[in-house]
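Undergrad: Next up is a structure, given as structure tokens.
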Amino acid sequence: MSLISYFSKESLKEFLRRSNYWAKTNRNAYPVKIYRAISELYEWVDCPCDDDCNCKRYQCEKHLIRKPGVSFNKCYEHFLKCYVDTKAHEAVRDGRETGRGKNAVLATERIRSDWARISAVSNKRHLLCTNWCDPLHESMAKEFRPGSDTIYHAKWLSILCFDAFNACDNASVALFRRDFHKPPSYFVMMNRVIVFQLRFLMA
């Protein structure tokens with residue numbers, strides 16, 4: 001039995017409630033900043049899926065879709081605020097590829113260099129959908145293995161596709177790697193997360 005599936009639904013809800021409370025009160029205030037990022041970068045639309053999509057089994061009515069025309073700089077600002085410790089912001093903005101924040105710099109350059117293509121695609125599905133990921137973001141998620149050196153790649157995908165990709169930190173990615181049997185890519189890991197999620201919902 002995995003550590004994640006060991007706990008009951010009620011226990012997991014309580015863990016999440018406590019985690020969000022303490023995250024809100026630390027210096028980064030991530031939950032508050034994620035709420036602001038969603039408000040500025042995303043909009044709710046009516047579910048675009050056909051009746052045979054898996055999400056319809058759960059009475060899906062709305063999807064969270066990235067707004068058209070969002071600039072790289074706007075996404076970048078929210079990436080920093082949501083997912084990079086405030087003490088590392090200066091180093092990341094300066095593009096330092098050594099020391100604190102270096103992995104955030106490398107992940108950001110990957111996105112910046114291909115922004116014209118990336119910004120043209122807004123994923124319209126979420127993790128409960130049958131075809132939950134578009135080809136572009138699937139390709140990006142297959143480029144790296146989940147690990148402590150690639151957490152900012154996952155965080156960028158989360159900013160780009162908030163309803164489809166999980167952001168990770170060092171602790172959570174270690175848990176994901178263990179519980180999902182060392183997935184060979186981040187995309188494979190997310191597929192295994194989906195299987196767990198569906199089992200959890202049906203339990």
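Undergrad: S39 versus S185, label points 7 Å from Cα toward the beta carbon: distance in nm?
TA: Taking the simple label geometry, S39 and S185 are separated by 3.7 nm.
Undergrad: Please compute the modelled spin-label separation between L136 and R117, points set 7 Å along Cα→Cβ, answer in nm with one decimal.
TA: 1.0 nm
Undergrad: Another question, if that's okay. Determine which residues of region 117-161 fall in the zone a paramagnetic label at L106 would reach in this model, i.e. backbone nitrogen under 15 Å from the point 7 Å along Cα→Cβ.
TA: Inside the label zone: 143-156.
Undergrad: Treating only the Cβ atoms of Lys and Arg (+1) and Asp and Glu (-1) as charged, compute the dipole magnitude of region 63-142 about its Cα centre; round to the nearest 20 debye.
TA: Rounded to the nearest 20 debye, it is 140 debye.
Undergrad: What residue among A107, A120, A91 has the largest mean-square fluctuation in a Gaussian network model of the chain, using Cα springs under 10 Å?
TA: Of A107, A120, A91, the Gaussian network model singles out A120 as fluctuating most.
Undergrad: I would also like to ask the following. What is the list of residues in region 107-141 whose amide nitrogen lies under 19 Å from a point 7 angstrom out from the Cα of D85, following Cα to Cβ?
TA: 107-108
Undergrad: Evaluate the charge dipole of region 63-203 about its Cα centre and quote only its size in Debye, nearest 20, assuming +1 on the Cβ of each Lys and Arg and -1 on the Cβ of each Asp and Glu.
TA: Magnitude of the dipole: close to 160 debye.
Undergrad: Once the other residues with Cβ under 12 Å from the Cβ of C168 are scored (Lys, Arg +1; Asp, Glu -1), what is the net sum?
TA: Value of the local net charge: +1.
Undergrad: Which of the lysines could a cross-linker bridge to K13, judged by Cα under 17 Å and excluding same-chain residues fewer than eight apart?
TA: Hits, sequence-local ones excluded: K24.
Undergrad: Sort M202, M140 by Cβ crowding within 10 Å, fewest neighbours at the top.
TA: Going from least to most buried by this count: M202, M140.
Undergrad: Let me ask something else. Would you be so kind as to identify which of L198, A91, A141 lies farthest towards the positive end of the dipole of region 27-202, taking Lys and Arg as +1 and Asp and Glu as -1 on Cβ and the Cα centre as origin?
TA: A91
Undergrad: Measuring from the lowest to the highest alpha carbon on each principal axis, how far does region 27-202 reach, largest first, in angstroms?
TA: Computed over the Cα atoms, the extents are 49, 38, 31 Å.
Undergrad: To continue, here is another question. Kindly flag which residue pairs out of K87/K142; K33/K67; K87/K155 have an alpha-carbon separation exceeding 26 Å in this structure. Display every interim value, and only then the final one.
TA: Working: K87/K142 30 Å; K33/K67 18 Å; K87/K155 17 Å.
Pairs exceeding the cut-off: K87/K142.
Undergrad: Next question. Which order do W132, W44 fall in if you start with the one that has the fewest other Cβ atoms within 10 Å?
TA: If I rank by nearby Cβ atoms, fewest first, I get W44, W132.
Undergrad: How far, in nm, would the chain grow between K74 and S11 when pulled straight, counting 0.36 nm per residue and subtracting the alpha carbon separation?
TA: On the way: separation 63, 0.36 × 63 = 22.68 nm, distance 3.64 nm.
Gain on extension, K74 to S11, equals 19.0 nm.
Undergrad: For the residues Y42, Y30, Y58, what sequence is obtained by ranking on other C-beta atoms within 10 Å, fewest first?
TA: In order of increasing Cβ crowding within 10 Å: Y58, Y42, Y30.
Read-outs: derived from the displayed coordinates by stated rules, not from any lab. Quantities reported herein were computed from a predicted structural model and do not represent experimental measurements. With ideal geometry, Cβ positions are generated from the backbone for all residues, glycine too; neighbour counts draw on all protein chains shown.
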